[in-house]
Amino acid sequence: MIRTLEQWTASLSRTGDLSQLSDLTIGIEAAHFIKLMSMDGNTREPLLPALGGQPLAFELIVENQLDILEAHNIKALFVFSGMKVGKNDGLFRASDEASRTIGQAWHLYNNHEAKAAVDMFDTLRPESVDGLYRYLQQILHKRKIDFQVAPYSAGPQLVNLLEKEYINLIFGSTDVLLYDVESVVVELDYGAKQFRFLHRQDCLDGLGNVAPNTFVDAVLLSGSTSLPSLPQLEGTSQRGNFKVQAAVELMKSSGSDGNSVCLRYKDDPQYQALDYLARYQRSRMAIKHRIILGESGNIEITDAQHAPADVHEFYSQQLALELYFYLSKGLIGPRVLDWRASGEIIEIAPLDTGESEEYHRLIKDQLTPLRTTTLSLLSQHVNRFYQHKDVALRCWFDRDTTQVISIRDSPDLKSLAAGWNVRQSTITECASKLRVNGNFVTKDSLGQLGFAIISLHDDNFASTTLTRRDTAKLLQSKEEIIRNTIWRFIHLRDYVRSDHTLTNWGRVLHAAFVKAGKAELEEAVLIAVELLRLDLLNPDNMFKVPPYQGAPYRGSETDRRHCLLISRVACLGKLRHGPIGYTGPLSRHILAYHSMTTAVRRDLRDLVEMCIATLFLAGDADREDGSRKDFAEMGLSLPFLKDRDCILGIAVKHYLDELPTHDDPT
């Protein structure tokens, strides 16, 4: 979202009644839809940055808003942004700003200035809402509302849908005005039953009837999601002038366009430090030659005949077309595709600001084997170019150092995965004989992870799963595809041997699943075992340097260690909470541990997604020429879909902390 343009266009917008949109199809930019919720004083949850996860009232609010659109007979088509455009130059800058605000908020909280701390947390606005995409997609899928994921930015995809008359208008951010559209709806007021929209021509007129290209240059130079403000424009808004207006004046004085302005300041040290000219040119080219997913499922570049040969410089290296298709359908997310295409992983600070050595070690070293497996699995199923191209890891706490994640020496994971092509008949037979502690259980009483492990506890069944692809009969049903995806996943995580029997860690996981006894606990159990393997599920005080507030403080040293361990286990669960913003105690210590569990959860999700993507890439499942209707359903049904908050961990910690103050703690 271009904040400077948002502010400037406020006086140019027009309003209309929602009834005017009846019987129309609106293309909705999903990120803008979510960001408006986070900015609305009626729906905003100020403590979300101190808790993680999704807003507690997220589902209720989305459902209510969709109900209002449906009541006005307005059809919605949501478009989500996919892979990142160009280089990730601005991520550290945005992360640094957020970390400073978070640090100030915790300082206030530690000094017992709760109201001021809440207000400070409330000032945080997410630069990215990618983490909420899957929540929204799940709701849309349940309501049978169409959505698609663009190859890169949602804006160009929405413009294409408008040009092809699949939609009648666009509801999105002011970024959409960078493209050749007549107007864009920028806000829906569900309470007043009104909408606010902007005409592009009004924006051009408001800047002195400038040409469209001048408008685009002015917006970019004044600061956008892909390009910081031109240093020479900093401070203009404080002087009573909007940056976008100042950018137009600067271009007039230079006698040309944005490129000329950039060349004018090319020797300025501050300008050079930002590598501004190259970043401006990449941003400009990405607007002129936008990439979309065409009707045939192919990647298309607008004005392709005039596009430069180095398009990858302002987007990224192109991957297999099939991957963009699976991305568009919601089968997989864009994170690993971003890593593979850009050749780099950018790690920014987590919500607690990630100042501990333990978190640094987790991100920089301990998760590398898991990420190597994920990247290698994908690389071995695509162009050979990627099979020999390593990936660079850059972290916010050591941004001048690049760590190489080597792909070229990885074992043959493609063959390992190909050994799982278990047919429906075998799965059904196994399900009829499943036993836990000698008692028969149904497959429906187990989750996907539990079924995968418990079924292989029977060595006889394990031997029947040693299967190869049958070209005459590929995996067809959703159950076949999901079961084989999960078996491949646990094999790649070393819970299964090459003969498909359980390893020692597999037996640990089996015992834990049996003890837990509930399908809804399986994800938490597997993450707990992964944390054990990383030596991170323990009662040690990890966050001593710098000291994080909120660790257990009552009782003996033994009491405090026990409390800490139980609270960390509780971080893996979820407190049943009403659809209303959280009020209660906070703990930066618990939040810091939550950051570690979230990092592990996300990397496990990445591997699961690459298991199902490569299953299709390898031709092991019937793609039905792309006509399958259950791609989104499969993607949304895979484990580790959504991040947790740390509210249960905080609640358990505070409850246990109070027990020693009672004469009879029981």
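Structure values in brief
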item: Output for segment 175-195, where each listed residue is under 24 Å from Ser226 (Cβ atoms) and either surrounded by 23 or more Cβ atoms within 10 Å (Cβ to Cβ) or not β-branched (Val, Ile, Thr) (or both); result: Asp175, Val176, Leu177, Leu178, Tyr179, Asp180, Glu182, Ser183, Val184, Val186, Glu187
item: Count of segment 400-447 residues which are in a helix (DSSP H, G or I), touching a Phe, Trp or Tyr at 6+ places or on another chain (Cβ under 9 Å) and over 15 Å from Ala462 (Cα atoms); result: 1
item: Test: Leu331 is crowded, with 19+ Cβ neighbours inside 10 Å, under 20 Å from Phe616 (Cα atoms) and either at pLDDT 90 or above or out of contact with any Ser or Thr (no Cβ under 6 Å at 6 or more places or on another chain) (or both); result: yes
item: Filter pass, Pro55 being over 16 Å from the mean Cα position of the chain (by Cα) and part of a loop (DSSP other than H, G, I, E, B); result: no
item: Residue identified as polar (S, T, N, Q), in a helix (DSSP H, G or I), at pLDDT 85 or above and farther than 22 Å from Asp180 by Cβ among Ser253, Ser229, Ser260; result: Ser260
item: Output for segment 564-588, where each listed residue is within 16 Å of Lys115 (Cα to Cα), touching a Leu at 6+ places or on another chain (Cβ under 8 Å) and surrounded by 15 or more Cβ atoms within 10 Å (Cβ to Cβ); result: Gly581, Tyr582, Leu586
item: Tally, over segment 113-155, of residues that are in a loop (DSSP other than H, G, I, E, B), over 30 Å from Gly297 (Cα atoms) and at pLDDT 95 or above; result: 1
item: Selected residue (criterion: nearest to Ser226 (Cα to Cα)) from residues of segment 1-60 that are out of contact with any strand residue (DSSP E or B) (no Cβ under 9 Å at 6 or more places or on another chain) and aromatic (Phe, Trp, Tyr); result: Trp8
item: Options Leu466, Leu474: the member that is touching a Gly at 6+ places or on another chain (Cβ under 9 Å), over 24 Å from Glu624 (Cβ atoms), of a type outside the set (S, T, N, Q) and open to solvent by 20 Å² or more (accessible area, probe 1.4 Å); result: Leu466
item: Residue in segment 58-80 that is nearest to the chain's Cα centre (by Cα), counting only those that are touching a residue at least 60 places away in the same chain (Cβ under 8 Å) and open to solvent by 30 Å² or more (accessible area, probe 1.4 Å); result: Glu59
item: Scope segment 487-509; condition within 30 Å of the chain's Cα centre (by Cα) and open to solvent by 20 Å² or more (accessible area, probe 1.4 Å); matching residues; result: Arg493, Asp494, Trp505
item: Pair list, Cβ under 7 Å, 6 or more apart: segment 448-469 residue in a loop (DSSP other than H, G, I, E, B), other residue among the β-branched types (Val, Ile, Thr) and surrounded by fewer than 23 Cβ atoms within 10 Å (Cβ to Cβ); result: Thr465/Val422; Thr467/Val422
item: Subset of segment 630-658 that is among the basic types (Lys, Arg) and surrounded by 19 or more Cβ atoms within 10 Å (Cβ to Cβ) - its residue that is nearest to Met610 (Cα to Cα); result: Arg644
item: Residue count, segment 282-326 (criterion: modelled with pLDDT of 85 or more, among the small types (Gly, Ala, Ser) and open to solvent by less than 30 Å² (accessible area, probe 1.4 Å)); result: 3
item: Tabulated pairs, segment 416-435, first touching a residue at least 24 places away in the same chain (Cβ under 8 Å) and closer than 16 Å to Ile486 by Cβ, second among the polar types (S, T, N, Q) and open to solvent by 10 Å² or more (accessible area, probe 1.4 Å), C-beta under 6 angstrom, 6+ apart or interchain; result: Asn421/Thr467; Val422/Thr467; Gln424/Ser477; Thr426/Thr464
item: Of all residues in segment 564-596 being among the hydroxyl-bearing types (Ser, Thr, Tyr) and at pLDDT 95 or above, the one that is farthest from Val62 (Cα to Cα); result: Ser567
item: Failed criterion for Lys142 (all others in (1) under 17 Å from His32 (Cα atoms); (2) open to solvent by 10 Å² or more (accessible area, probe 1.4 Å) hold); result: (1)
item: Candidates Glu97, Glu6, filtered to the one that is assigned to a helix (DSSP H, G or I), within 19 Å of Val129 (Cα to Cα) and in contact with an Asp or Glu (Cβ under 9 Å, 6 or more places away or on another chain); result: Glu97
item: Residues of segment 196-210 classified as without any contact (Cβ under 8 Å) to a residue 24 or more places away in the chain, open to solvent by less than 50 Å² (accessible area, probe 1.4 Å) and of a type in the set (D, E, K, R), total; result: 1
item: Residue check for Cys611: among the hydrophobic types (A, V, I, L, M, F, W, C) and in contact with a Lys or Arg (Cβ under 7 Å, 6 or more places away or on another chain); result: yes
item: Residue that is most open to solvent (accessible area, probe 1.4 Å), among those in segment 234-250 that are modelled with pLDDT under 85 and not aromatic (Phe, Trp, Tyr); result: Arg239
item: Residue within segment 119-133 that is open to solvent by 70 Å² or more (accessible area, probe 1.4 Å), among the hydroxyl-bearing types (Ser, Thr, Tyr) and farther than 30 Å from Arg282 by Cα present; result: yes
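To keep it simple, each residue is scored yes or no on (1) assigned to a loop (DSSP other than H, G, I, E, B); (2) loosely packed, with under 13 Cβ neighbours inside 10 Å; (3) touching a residue at least 12 places away in the same chain (Cβ under 8 Å); (4) among the basic types (Lys, Arg).
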{"position": "Thr15", "(1), (2), (3), (4)": "no, yes, yes, no"}
{"position": "Ser19", "(1), (2), (3), (4)": "no, yes, yes, no"}
{"position": "Ile28", "(1), (2), (3), (4)": "no, no, yes, no"}
{"position": "Met37", "(1), (2), (3), (4)": "no, no, yes, no"}
{"position": "Pro46", "(1), (2), (3), (4)": "yes, no, yes, no"}
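The values are calculated or read from the model by the stated rules, or taken from the named source; none is laboratory data. Bear in mind that the values here come from a model prediction, so they are computed numbers and not experimental data. Don't worry about glycine lacking a Cβ; one is built from the backbone with ideal geometry, like all the others, and counts go over all protein chains shown. Accessible surface areas use protein heavy atoms only, side chains included; no ligands, DNA or RNA. Shrake-Rupley method; radii C 1.70, N 1.55, O 1.52, S 1.80 Å.
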